[in-house]
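The values are calculated or read from the model by the stated rules, or taken from the named source; none is laboratory data. This is a predicted model, so every value here is computed, not measured. Cβ placement follows ideal geometry from the backbone for every residue including glycine, while neighbour counts extend to all protein chains displayed. Only protein heavy atoms, including side chains, enter the accessible area calculation; ligands, DNA and RNA are left aside. Shrake-Rupley method; radii C 1.70, N 1.55, O 1.52, S 1.80 Å.
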Amino acid sequence: MMEPISTVTTAWTIAKAAGEISKKLFDLGKSIKDREIRQQIDEIVDKLRDLKQSASDLEDENRDLREKLRFSADNYEFRNPFWYDRANPTQPLCAKCFANKTLAPMGEPGQGCSREYRRCLVCSALIEVAFVMR
């Protein structure tokens, strides 16, 4: 599932803007002689740094949530012995890799193994399929 570009880039844009503002304020603070104003600028820079970290944390959380949604049962179905993406119901997926949150296609019967088996193209697990093909 792809997120809209605006959703994916919002946290990055916030973090980048906070970084640029922090740098400008830091540079400005170096040229100011008034101690009280410099202290206020340093406080603003610290708050911007916190905002930048919060944006980064939100981006990580958003990524984790998207990954959990990606493997929801609504998107996949299990037909023994493989998982299938409902969007591509003819391509079997390796159950072992799927359990590890990896979408791994199975090769064709006999591809890199005997024709009674299919080999995972990622982990190389062999699954007997002769009983399915009869």
For a Förster distance of 22 Å, can you work out the FRET efficiency between the beta-carbons of Lys101 and Glu77, rounded to the nearest 0.05?
0.85
Can you count the Lys pairs in region 24-134 whose Cα atoms are under 23 Å apart, with each pair 8 or more apart or on different chains?
8
Tally up the carbon and sulfur contribution to the accessible surface of the chain as a whole percent, 1.4 Å probe, everything protein left in place.
54 percent
Reported to the nearest 10 Å², Leu93 has, with a 1.4 Å probe, an accessible area equal to 20 Å²
Towards the positive end of the charge dipole of the chain, with charges on Cβ (+1 Lys, Arg; -1 Asp, Glu), say which of Ser22, Ala11, Phe82 has the farthest Cα.
Phe82
Max mean-square fluctuation residue, GNM over the chain, Cα-Cα springs under 10 Å, options Arg119, Arg66, Arg79
Arg79
Calculate the FRET efficiency for Asp27 and Asn88 from the Cβ-Cβ distance with a Förster distance of 41 Å, rounded to the nearest 0.05.
0.20
What accessible area per residue comes out for the chain, rounded to a whole number of Å², with a 1.4 Å probe?
73 Å²
What ³J(HN,Hα) values, in whole Hz, does the Karplus curve 6.51 cos²θ - 1.76 cosθ + 1.60 give for region 12-25 when θ = phi - 60°, with x put for Gly and Pro?
4, 5, 4, 4, 5, 4, 4, x, 5, 5, 4, 5, 4, 5
Please list, ordered by chain and number, the residues whose modelled amide H lies under 5 Å from the amide H of Tyr76; skip anything fewer than 5 residues away on the same chain.
Arg86
Stretch Ser114-Asn62 to full length: gain in nm at 0.36 nm per residue minus the Cα-Cα span?
14.4 nm
Could you work out how much longer the chain between Gln40 and Gln53 gets when fully extended? Use 0.36 nm per residue separation minus the Cα distance between them, nm to one decimal.
2.7 nm
